[in-house]
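Worksheet: one structure, shown below.
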Amino acid sequence: MHSTDRIVVDALIVGAGFAGMYMLHKLRAAGIGATVVEAGSGVGGTWYWNRYPGARVDIQSLEYSFGFDEQLEQDWRWSERYAPQAELLRYADHVADRFDLRRDMRFGVRVTAAHWHEAAQRWHVETDVGARYDCRYLILATGCLSIPTDVTFPGIEDFQGPVYRTSRWPHEGVDFAGQRVGIIGTGSSAIQSIPIIAGQAEHLTVFQRTPNYSMPAHNGPIPDEDFQAWASDPRGYRARSRDTGGGFQNEARPDALAMATAPDDIRTELERRWAWGGFRILGAFADSGIDPEANRIVHDFIAEKIRAQVADPEVAALLTPKDHPFGTKRPCVDTGYYATFNRPNVALVDLHAAPITTFNAGGIATTARQHDFDAIVLATGFDAMTGAIDRIDLRGIDGLQIKDHWAEGPRTYLGLMVAGFPNMFTITGPGSPSVLTNMINSIEQHVEWIAQCLAWLGQRQQASIEASAEAEADWCRHVTEAVTPTLLPQANSWYMGANVPGKPRMFMPYAGGLNTYTEICRQVVAKGYEGFVVKNGDAVLSDSRAFTSHPPMPDIPAALLPIIIERLTAAGLMPAAE
Ligand code: NA7
């Protein structure tokens, strides 16, 4: 391998979604040369790939947009409360044009391998188009939900019609008029697309394995009062969003307990939040994410709402979640999902009662019967958080492979770096709040942290930085500590890696909240990059191995302490009481 035929750059950024776009902009401003490589033919990441009908953001657009540039913020007007995919893609294109990002982006290029060369202190990167790079910093802006799972079915190649994946939707769109369509999956992608496909197709059959909770979006023009709340103080509004656990405003009430609230008051509060729409119901009661009984109250409320929307009680019962507490899988936000099952051209198939046996020329056979289709849609999900990273032949010091390092689940320090992989950063990587939050706010926080770090290294004659193994281990323990008191680990969710056969079970995102996490990251820097080893050649500039910036214990209502202590003790994270 001759380094002479490599393109030499300071930083190589992998991915041109919102993370890669902002990273490029920020590094340019810091005077650091950067190139972005992107597998798709344009910017936008998630919004480039997921073009299925009905795809839209489920965090309010006023909050799900960049906050780093005031003029950009002022000039862009969202048309709806929850912008559709096409508008989000226009926004990504607008940002790319406005900041002239494309001149440092290479499209249609997928990174296949990246190997660290210790002597040179550089990464050598290979791509599927033959272009090879030599970079000091490797920044993985590869997205948390970018690689579809390899779900397949026996006989799938025998089906005579087209099979579409929601996450790889044809750019020219699909016309289902007059067709019999089958869709597999009832996660967010399916829940958004089912009402639209049902409106186009002659007949739609929904194959459901596990029902999910979905709340109404009440989408439409942005209500005046919401717009005014933003427009009167956009900076303050942004700061308030970032200073929340989820990175968006949710009227969360950390002191309100469903178990200590009168039934009438519970109903009033839940009705108010249901009428507001989206994720607002998640913030109603602090105990619903911890205490199973409190969670049940919210479950019962939503189950009642499902029954009210679905005419056939048997179908309503099938659509009601049973196997996981509310909020432990990512809830969905819909427009007319449940009511779609009242249409005469829509049928629901319960795969628990009659599993799929095979695909065939005509369609799909279950143990109960044959279903004939003209087209089939797979809305079967993603190899979340690690899929885009561990598909790269990624090797750190002494050839350490990321797959081996992550054999028991992804280990990182702060979700930003991995021990043994110097100068490699992950934006919203496993171990960071990422998918539990408004992604744009998490992306901005990570990008700003990384840009600051690279500028700091530049001031030290381009030193290299690596997470220490000790800090990584301590952070992993803290990630577990943060989620253990909650009900989140009780679901077979993609947060847990449970949707991919053979993937290690580990709760991957950091559940301590974006605001808490941001403060931890700030402290780590204030302490001279605590937990990182910083070297210049053989000279060690700083080597503070331990991670000590644990957040203070949050104020937890006393009534919840027994459950929390019990769970932490059972997980071996707290000594048992004498
Ligand atoms: P999800 O939420 O992972 O949903 C995938 C769906 O596909 C889910 O209902 C699965 O059922 C179903 N599935 C997966 N494999 C199969 C097989 N083999 N047979 C039947 N059904 C299957 O992915 P989405 O794309 O909808 O949403 C991902 C995220 O994007 C979402 O959370 C938002 O953050 C945006 P299961 O639950 O496994 O029984």
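The values are calculated or read from the model by the stated rules, or taken from the named source; none is laboratory data. Just so it is clear, the model here is predicted, and its values are computed rather than measured. In this analysis, Cβ positions are derived from the backbone assuming ideal geometry, glycine residues included, and neighbour counts consider all displayed protein chains. We work out accessible area using only protein heavy atoms, side chains counted, and drop any ligands, DNA or RNA first. Shrake-Rupley method; radii C 1.70, N 1.55, O 1.52, S 1.80 Å.
Couple of notes before you dig in:
- Cβ-Cβ distances below 6 Å connect the following pairs, each with a first residue in region 83-106 that is over 13 Å from N50 (Cβ atoms) and touching a residue at least 60 places away in the same chain (Cβ under 8 Å), a second residue that is open to solvent by 10 Å² or more (accessible area, probe 1.4 Å) and in a helix (DSSP H, G or I), and a separation of six or more residues or different chains: A96/R102; F99/H25.
- Breaking point among (1) of a type in the set (A, V, I, L, M, F, W, C); (2) crowded, with 16+ Cβ neighbours inside 10 Å; (3) part of a loop (DSSP other than H, G, I, E, B), for C521: (3)
- Within region 78-105, tally of residues that are open to solvent by 50 Å² or more (accessible area, probe 1.4 Å) and either hydroxyl-bearing (S, T, Y) or over 25 Å from G173 (Cβ atoms) (or both): 4
- Taking residues in region 459-482 that are free of Cβ contacts under 8 Å to residues at least 40 places away in the same chain, and partners anywhere that are of a type outside the set (F, W, Y) and in a loop (DSSP other than H, G, I, E, B), the pairs with Cβ atoms closer than 8 Å and at least 6 places apart or on different chains are A482/A511; A482/G512.
- Taking region 53-109 as the range and being in a loop (DSSP other than H, G, I, E, B), farther than 18 Å from R238 by Cβ and touching a helix residue (DSSP H, G or I) at 6+ places or on another chain (Cβ under 7 Å) as the test, the residues that pass are P53, G54, A55, D58, S79, F99, L101.
- Test: residue in region 65-77 that is closer than 22 Å to G336 by Cβ and either away from the ligand (no atom under 15 Å from the Cβ) or out of contact with any Asp or Glu (no Cβ under 8 Å at 6 or more places or on another chain) (or both): no
- Of residues in region 140-189 being assigned to a loop (DSSP other than H, G, I, E, B) and polar (S, T, N, Q), the one nearest to the ligand (Cβ to nearest atom): T186
- G531 meets all of the listed conditions (1) open to solvent by 30 Å² or more (accessible area, probe 1.4 Å); (2) of a type outside the set (D, E, K, R); (3) in contact with a strand residue (DSSP E or B) (Cβ under 9 Å, 6 or more places away or on another chain); (4) in contact (Cβ under 8 Å) with a residue 24 or more places away in the chain but one, namely (1).
- Filtered by the rule that a residue be crowded, with 21+ Cβ neighbours inside 10 Å and within 16 Å of P325 (Cβ to Cβ), region 249-278 gives A258, L270.
- Qualifying residue in region 461-475 (condition: touching an Asp or Glu at 6+ places or on another chain (Cβ under 8 Å), part of a loop (DSSP other than H, G, I, E, B) and more than 17 Å from G381 (Cβ to Cβ)): yes
- Among the residues making up region 411-451, those that are part of a loop (DSSP other than H, G, I, E, B), closer than 12 Å to M385 by Cα and either within 16 Å of the ligand (Cβ to nearest atom) or within 15 Å of the chain's Cα centre (by Cα) (or both) are G415, I427, T428, G429, P430, G431, S432, P433.
- T340 within 22 Å of P211 (Cβ to Cβ), within 16 Å of the ligand (Cβ to nearest atom) and open to solvent by 70 Å² or more (accessible area, probe 1.4 Å): no
- Of all residues in region 110-127, those that are over 16 Å from R391 (Cα atoms), part of a strand (DSSP E or B) and not hydrophobic (A, V, I, L, M, F, W, C) total 3.
- The listed residue being more than 15 Å from the chain's Cα centre (by Cα) and open to solvent by 20 Å² or more (accessible area, probe 1.4 Å), out of A16, A29: A29
- Region 381-410: number of residues that are assigned to a loop (DSSP other than H, G, I, E, B) and either more than 16 Å from the ligand (Cβ to nearest atom) or among the basic types (K, R) (or both): 9
- Any chance P504 is open to solvent by 50 Å² or more (accessible area, probe 1.4 Å) and away from the ligand (no atom under 16 Å from the Cβ): no
- Candidates in region 361-375 are the residues that are open to solvent by 40 Å² or more (accessible area, probe 1.4 Å) and over 18 Å from E314 (Cα atoms); of these, the one that is nearest to the ligand (Cβ to nearest atom) is T367.
- If you go through region 44-73 and keep only what is of a type in the set (A, V, I, L, M) and within 18 Å of the chain's Cα centre (by Cα), you end up with A55, V57, I59.
- Checking L348, L378 one by one, the residue that is within 13 Å of the ligand (Cβ to nearest atom), open to solvent by 20 Å² or more (accessible area, probe 1.4 Å) and aliphatic (A, V, I, L, M) is L348 and no other.
- Residue list for region 190-209, filter: surrounded by fewer than 21 Cβ atoms within 10 Å (Cβ to Cβ) and either more than 8 Å from the ligand (Cβ to nearest atom) or within 20 Å of the chain's Cα centre (by Cα) (or both): I196, G199, Q200, E202, H203
- Just so you know, in region 29-52 the residues that are assigned to a helix (DSSP H, G or I) and closer than 23 Å to A217 by Cα include one that is farthest from the ligand (Cβ to nearest atom), and it is Y48.
- Only a single item in (1) at positive phi; (2) surrounded by fewer than 19 Cβ atoms within 10 Å (Cβ to Cβ) is not met by G420, and it is number (2).
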